[in-house]
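Asks: Handing you this structure, nothing more for now.
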Amino acid sequence: MDFETNVFVNCPFDDDYIGLLRPLLFTIIYLGYTPRIALEALDSGSPRVEKIARLVKESKYAIHDLSRLKAKRKGEFFRLNMPFELGLDVGCRLYGSKKLKAKRCLILEEERYRFQAAISDLSNSDIATHRAEPELVVAEVRNWLASDMEVRPKGPAAVWGAYLDFMGVNFDALTGQGYSKRDVEMLPASELIEDMQKWVKDGHT
């Protein structure tokens, strides 16, 4: 896979986030990039941190969603995986080779300024806010990637519309193959990415 078009995705993998993860992945693919995510390959024998470090090193771009920094329920631990992986990415850029110093990242949060209470070192950084709204995720990711592209891609509304078209077509295709609604909802990330890539490659843009 090409370093120049790889986008490492660092985000929650819980059920509440799946409605944001799918359009996020689709936007990356729609704009001609390749999402790299820890769920792309299941290998219980491979230490997770080694897999993450490899994906970070292989990707020029990275998207880090820090929206789980704060616990939502009493007694719940807040999530440290996302800030840890952001740290790996920043360290890779600061101390890596000349190629790695060209890395770029987009930091997402659900609420504006909340991150400052948890990671004050990010103060004065440009943090994008999505308010847990899928359309805003599409807009933020599209606008960030577009800023580094030679040819301006279609606007956020068009990308969102294409995503909805894909989801409808893919649901019909999968259920036609014997998948239940629950099966479609639980589709592994690697298969979902493959379906998205094929749909875009077939010219549905």
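The numbers here are math on the coordinates, done by the rules we state, and not lab data. None of the values given here were measured: they were computed from a predicted structure. Ideal geometry is used to build each Cβ from the backbone, glycine not excepted, and the neighbour counts take in all protein chains shown.
Asks: In this structure, does Pro153 turn out to be touching a residue at least 60 places away in the same chain (Cβ under 8 Å) and under 16 Å from the mean Cα position of the chain (by Cα)?
Replies: Working: touching a residue at least 60 places away in the same chain (Cβ under 8 Å): yes; under 16 Å from the mean Cα position of the chain (by Cα): no.
The answer is no for Pro153.
Asks: In segment 134-154, how many residues are part of a loop (DSSP other than H, G, I, E, B) and surrounded by 14 or more Cβ atoms within 10 Å (Cβ to Cβ)? Reasoning before the result, please.
Replies: First, the residues of segment 134-154 that are part of a loop (DSSP other than H, G, I, E, B): 147-154.
Within this subset, residues satisfying the condition of being surrounded by 14 or more Cβ atoms within 10 Å (Cβ to Cβ) are 153-154.
Of the residues in segment 134-154, 2 are part of a loop (DSSP other than H, G, I, E, B) and surrounded by 14 or more Cβ atoms within 10 Å (Cβ to Cβ).
Asks: Residues of segment 1-22 being over 19 Å from Ser147 (Cβ atoms) and crowded, with 23+ Cβ neighbours inside 10 Å, which ones?
Replies: Result: Asn10, Cys11.
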